[in-house]
Amino acid sequence: LLLTVGLVVFGIGDGLLIVSHLGNAPWSVLAQGLSLKTGVSIGWATFAVSTAVLLLWIPFRQKPGAGTLANILIIALAIDLTVAWSPTPEPLWLRALFMVGGVGLVGAGSALYLTCGLGAGPRDGLMTALHYSTNISVARVRAAIEGAVLALGWLLGGRVGVGTLFFALGIGGSVALWLTAVGHLTRNTAQ
């Protein structure tokens, strides 16, 4: 249940960032670029990208869990539904609220699904596989992957803007904050 809720919240947050039209998270820049080039929805493009990233696990002998497969499907669906049902607001302050709220929800969703231990998401699994096989720090591996994905997505026409920068600077703090909150909730519930 926590896995599903976390993935839905993550997808809604990512969708709100897209709907804000202020710039997407790096992987959504790529998905949007692919969506623009192929005519499929951004959710289906996200699904395709996630599946392709999962296939990159094969040479590293990484094994997906139930959470890995749920990640691919549920986040893509939640993004598509959010983009379809949430029109871009006219006032800039409301678009900025979507941007900030989107990053907050991605952090909350991440904290919920990460604490379940049912398998890494496709991107996280690739990151850790590259880290272990190259002995390059996780931070550098992640930065290289995100940078390459962002550049490719931008070249394909995906939206890069202040929201992209806000996501890059704010997502770490958002996940950390929500991991602390989820930790407190689960400790209090266990007692």
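The values are calculated or read from the model by the stated rules, or taken from the named source; none is laboratory data. What you see is a predicted model; the values in this text were computed from it and never measured. Cβ atoms come from the backbone with ideal geometry, glycine included; neighbour counts cover every protein chain shown. We work out accessible area using only protein heavy atoms, side chains counted, and drop any ligands, DNA or RNA first. Shrake-Rupley method; radii C 1.70, N 1.55, O 1.52, S 1.80 Å.
Take every Cα pair under 8 Å whose residues are at least 6 apart in sequence, average their separation, divide by the length of the chain, and the relative contact order is 40 percent.
Secondary-structure-derived ellipticity at 222 nm for the chain, considering helices only, amounts to -26500 deg cm²/dmol, per-run term -39500 (n - 2.57) for DSSP H runs with n ≥ 4. When the stretch 63-162 is described by a simple charge dipole with +1 on each Lys and Arg Cβ and -1 on each Asp and Glu Cβ, the residue from 125, 88, 111 located farthest towards its positive end is 125. Counting only protein heavy atoms and a probe of 1.4 Å, the accessible surface of the stretch 1-154 is 72% carbon and sulfur. Placing unit charges on the Cβ atoms only, positive for Lys and Arg and negative for Asp and Glu, gives the stretch 81-190 a dipole magnitude near 100 debye about its Cα centre.
The charge dipole of the stretch 30-132, taken about the Cα centre with unit charges on the Cβ atoms of Lys, Arg (+1) and Asp, Glu (-1), comes to about 260 debye, rounded to the nearest 20.
Per residue, how much accessible area does the stretch 10-89 have with a 1.4 Å probe, in Å²?
Numbers: 3580 Å² over 80 residues.
Ligands and nucleic acids excluded, the result is 45 Å² per residue.
As a test of reading the structure, rank 98, 47 by solvent-accessible area (1.4 Å probe, protein chains only), most first.
Most to least solvent-accessible, the answer reads 47, 98.
Placing 37, 63 in order of accessible area, with the largest value first and a 1.4 Å probe, yields 63, 37. Given their separation in residues at 0.36 nm each and the Cα-Cα distance between them, residue 92 and residue 2 gain 29.1 nm when the chain is fully extended.
The stretch 151-170 and the stretch 34-92 have Cα centres lying 16 Å from one another.
Which net charge results when you count Lys and Arg as +1 and Asp and Glu as -1 among the other residues whose beta-carbon is under 11 Å from that of residue 167? Overall, the nearby charge balance is -2. Between 19, 40, 103, the GNM of the chain built on Cα springs shorter than 10 angstrom shows 40 fluctuating the most.
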